[in-house]
Amino acid sequence: MALRKEHEIHKRRSGRNLGVGILLGAFVVLVLALTMVKVTSASFKFPDAQAEQD
């Protein structure tokens, strides 16, 4: 049992925090998916590191 009753603003903030967390997770998944598509495409080539060491 809690020592003090939870204020109603904390309930509203928890809902907002959950929404922000879901959006952040969706953004991370989107960036990961775009990276995987880019790396696994047939035209992807790693940059030539030897040419930059002049």
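The values are calculated or read from the model by the stated rules, or taken from the named source; none is laboratory data. Since we're looking at a predicted model, the values are computed, not measured. Positions of Cβ are generated from backbone atoms using ideal geometry, with glycine treated the same way; all protein chains shown enter the neighbour counts. SASA here: full protein model, heavy atoms, side chains in, ligands and nucleic acids out. Shrake-Rupley method; radii C 1.70, N 1.55, O 1.52, S 1.80 Å.
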task = Sort out which residues of region 3-38 are open to solvent by less than 70 Å² (accessible area, probe 1.4 Å) and at pLDDT below 90, and write them in order of number.
result = 9, 14, 15
task = Only one of these is in contact with a helix residue (DSSP H, G or I) (Cβ under 9 Å, 6 or more places away or on another chain) and of a type in the set (Phe, Trp, Tyr): 27, 44. Name it.
result = 44
